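A.B. asks: Mind looking over this structure? Questions follow.
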Amino acid sequence: PMDLAAAFRQLGDGPSRQRRGSQLVPFAGAVVPSFSALREHASCWSRRTVVRGGGDGTLVLSAKLGASPEASAEDVAAHLVGMASLAPALLRAHDDARPRGSTRSRRAPTVEDQMSYACESLGYAVTAGGATEARSARRTVGDAPILLLRRSTGADATYAFAPAARVFDGLTSDDDAPPLVLSADDRLHAAVVAALARYPGLGPALGMRRRPAREDLRFFAAELGSGPLDGAGVEAAARLCRLEAAALTTAAGTEVLAPLPVPDASGRLRSATEVLYDDAPWLAGRLDRSRVPLAHGKVERRVAAALGCRPLSRAVDETAGAVTPRPAETLPPAVAAAVAQWRSNARAPAFRAALRRAHARARLLAVSETTAPVLDAGRLESLKRVDVVAAERLESRFDLAGVDVTRDAKGSPALVVPGASPTIYLRLDVDGSGNVRPGWRRRWKPAVAIALDRYLGADAVGERALIAELLAVDDVVEMTEVLEMWEIPALELDPRLGVVEEDDDLAVQSEAAVAGDRVLVELDDETVVAARVEQVLESSYVLAVTPELECVERPLAALRRKRSAAERSPMARPPMSRATSADDAAAEDLAGRASTSSATAPADDEYRAAQGWEATEDAARAAVVARERAAVLEPEPPGIDGFLLAPPPAVVDSKPVASKDAVAAVTKRERVSPGFDLVRIGNFSEAARFPKEIAFFHHRPTVAQIYDEAHYGRQRLVKQCCGALRDVCGVFGYDPAKVTLFYEPGSVSRFVRQKLFFNLHPVEARRDAEGLGDVRKDAFVYCYFYGLCVHKLAHFFDVVHGSRHDFFMTEYRCNYTLAFISLLARRGFDAAEVERRFADL
């Protein structure tokens with residue numbers, strides 16, 4: 001083995017610079033280049049002997065004697081690894097000792113020249129040798145630093161090398177993070193850059209890539225360590241954060257990885273979830289920043305936010321401390337009038353309705369459901385008892401995850417003290433004489449808007465300045481005008497809310513309800529009205545009781561629901577037992593005793609075998625008839641009769657009719673098409689408040705599965721699908737009771753005799769594949785029913801698949817897509833994400 005350092009010190013002329021005949025070397029294993037023996041010598045002198053050729057004849061002879069015209073990729077790569085491993089002082093001493101100003105200097109290459117020659121030779125070898133030579137070079141180099149970096153100028157300039165895995169040709173010096181992540185064009189030596197450009201396969205062969213992967217950034221960050229970083233370390237960590245933020249905007253950002261560490265103000269790397277970024281300059285002198293984990297100043301706010309750091313303004317909780325209210329009678333008349341006016345406007349139902357309208361717009365403008373603002377409905381309803389008080393002294397305390405980080409206790413200009421009857425405190429700024437300083441209204445309006453926005457939910461109403469404008473109106477009727485001036489869209493009113501239910505006997509105790517459920521509730525005047533659950537609190541519900549979504553709060557046990565039509569029908573009967581005789585009863589009893597204790601008992605509304613469906617049919621038909629009678633027909637366009645065509649004349653079949661005997665004599669093999677070998681199980685609905693009006697059929701050969709609820713859960717699936725079907729049918733204004741559901745693997749949904757038949761097998765397959773407890777938590781069932789409705793409803797105009805059918809399908813999509821998007825938003829789905837995942841439906 002060669003002592004590379006010693007050989008480098010004695011390099012001198014080297015084998016390639018020996019005079020002809022001065023030294024005898026074997027041809028076998030030597031390199032006899034066809035041109036530029038100097039380049040070949042500089043590329044592999046530590047691995048091979050380079051002999052100057054003497055023409056084509058010498059090349060032919062040397063090849064026959066075992067020499068090669070150029071060094072292999074493995075030899076050049078090994079030479080590069082060895083050269084790069086030499087001490088920087090030794091490399092610099094070699095350049096300083098070179099003869100200068102003579103003809104010999106041309107043949108005594110510098111370190112930069114040797115590295116340039118080696119990169120050129122390696123690129124040529126990789127390109128000419130193909131994948132085999134590329135793999136050999138990659139195996140030889142490994143993770144060794146072999147790429148020469150640009151030298152700094154000055155007396156302390158030295159040579160430095162970088163591994164190819166840390167060099168990326170898709171970055172610039174503004175994007176990389178030296179010395180962890182390097183830009184090929186801006187950080188490598190010009191000769192190396194030229195070789196990489198001339199031989200495009202050289203970079204990938206050595207392990208170079210376009211950009212670092214997110215896993216690489218975490219590996220590089222771990223190399224920095226957790227201790228306090230110096231200036232260069234903080235700069236590198238900040239640049240890694242910038243690369244991570246850029247990667248999150250691409251497809252690679254969808255991969256779930258641990259948060260990238262972010263440098264804090266002290267230079268230590270911490271998880272992004274533990275670090276805050278400073279977006280609150282107004283809190284500069286009010287917080288003890290030594291107790292606040294702020295991101296380092298080199299990390300931009302947008303980068304910190306993209307990495308998951310929380311904003312300081314949202315993480316710190318400001319609560320009221322010492323308060324000294326000022327008596328109303330001692331206030332200046334203008335201030336007292338403003339306080340009274342704001343108190344009255346804040347308590348008005350129109351103010352709460354306006355905030356709900358603004359909140360609806362803010363949710364529509366949100367990028368996705370996860371970023372949509374949330375309005376605290378309970379706190380919104382508490383504003384009906386709010387008080388507005390002017391205070392001479394108003395102090396506050398700042399808490400961060402339970403830690404007091406207050407430095408200056410002087411409170412904000414406005415604070416809201418929560419409670420059943422919340423209070424808005426407004427701080428009076430007085431001069432030395434005790435007089436209120438001018439401009440108090442200008443300071444109070446944004447302050448009270450910010451305070452109420454924090455109280456109701458961050459950015460819950462979108463435009464916070466709108467709150468101040470609503471509070472400042474002279475009459476509550478002007479609030480609607482203010483909303484229109486701000487171009488806030490109107491809410492979609494729900495006329496079913498607030499309807500008085502006079503027959504109290506129709507209501508029974510409600511089960512546990514969730515947001516969106518419709519219930520009955522008793523108001524303060526003892527009237528029972530229809531309501532909708534808006535929010536579920538710890539021990540109560542927030543319920544919308546008017547079409548304008550005016551809300552009340554009621555305890556959990558106060559809700560009731562309407563008895564279903566089946567419960568009120570005289571045809572209702574208890575489920576039939578499968579035991580029809582004494583022997584059958586005894587056998588059933590023995591089977592029940594033999595069953596394991598873990599067997600799940602069927603629910604009260606679960607269908608049993610042989611129960612029948614007649615009990616719900618009459619009630620379902622009555623509900624459909626009632627809705628049809630209540631429906632208002634649209635007026636017929638004038639002149640429509642001129643477009644109606646007369647029916648074609650009847651065609652009389654003149655073929656002779658075969659006799660019954662002849663018909664009976666004909667035998668043929670029976671064939672049952674998919675979707676036609678079905679058994680009716682019963683009528684279903686998603687909840688007790690709806691009549692069981694959606695018919696369900698099951699594949700006859702596997703009908704036993706519908707009664708094995710513990711194993712298949714199919715009746716639960718049907719009920720969930722009834723809820724999704726009711727939602728989607730509401731988009732089209734179509735009665736869901738006129739859609740029939742069935743289950744049969746391998747069958748398509750059908751349009752038969754002007755009736756819609758939807759197969760639930762694809763929904764069950766999706767449920768089992770995704771492990772869903774409720775199929776309505778996934779957008780598939782909504783898209784599946786929406787696509788079926790578009791397709792099958794178009795068949796009412798043309799039963800044949802063709803251009804007419806395609807035309808009406810397009811018409812349905814054009815007219816009802818926005819309504820379907822609104823349904824998806826109400827159910828908590830992002831329409832863009834749904835389009836990406838289920839466009840084929």
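The values are calculated or read from the model by the stated rules, or taken from the named source; none is laboratory data. Just so we're clear, the structure is a prediction, and the values are computed from it rather than from any experiment. With ideal geometry, Cβ positions are generated from the backbone for all residues, glycine too; neighbour counts draw on all protein chains shown. Heads up: the accessible areas ignore ligands, DNA and RNA and are worked out on the full protein's heavy atoms, side chains in. Shrake-Rupley method; radii C 1.70, N 1.55, O 1.52, S 1.80 Å.
A.B. asks: Quick one: accessible area per residue over the stretch 678-748, 1.4 Å probe, rounded to a whole number of Å²?
C.D. replies: Values: 2390 Å² over 71 residues.
Each residue of the stretch 678-748 exposes 34 Å² on average to a 1.4 Å probe.
A.B. asks: Tell me the per residue accessible area of the stretch 773-841 using a 1.4 Å probe; a whole number in Å² is fine.
C.D. replies: Numbers: 3830 Å² over 69 residues.
Dividing the accessible area of the stretch 773-841 by its residue count gives 55 Å².
A.B. asks: Roughly what % antiparallel, to the nearest 5, for the DSSP beta bridges in the stretch 674-754? Write out the running numbers ahead of the final one.
C.D. replies: Working: 6 of 9 bridges.
Rounded to the nearest five, the antiparallel share is 65 percent.
A.B. asks: Using modelled backbone amide H atoms (1.01 Å from N, in-plane), which distant-in-sequence or interchain residues come within less than 5 Å of residue 756's amide H?
C.D. replies: 740
A.B. asks: Describe numerically, in nm with one decimal, the distance between label points set 7 Å from Cα along Cα→Cβ at residue 371 and at residue 341.
C.D. replies: That separation, rounded to one decimal, is 3.8 nm.
A.B. asks: Give a residue-ordered list of calculated ³J(HN,Hα) values for the stretch 271-283 (Karplus: 6.51 cos²θ - 1.76 cosθ + 1.60, θ = phi - 60°; whole Hz; x for Gly, Pro).
C.D. replies: For the stretch 271-283, the Karplus-derived couplings read 4, 4, 6, 9, 10, 10, 10, 7, 10, 10, x, 6, 9 Hz, x marking Gly and Pro.
A.B. asks: Within the stretch 171-299, what whole-number % of the accessible surface is contributed by carbon and sulfur, with the 1.4 Å probe and all protein chains included in the calculation? Don't skip to the end; give the middle numbers.
C.D. replies: Values: 3330 of 5860 Å².
Of the solvent-accessible surface of the stretch 171-299, carbon and sulfur hold 57 percent.
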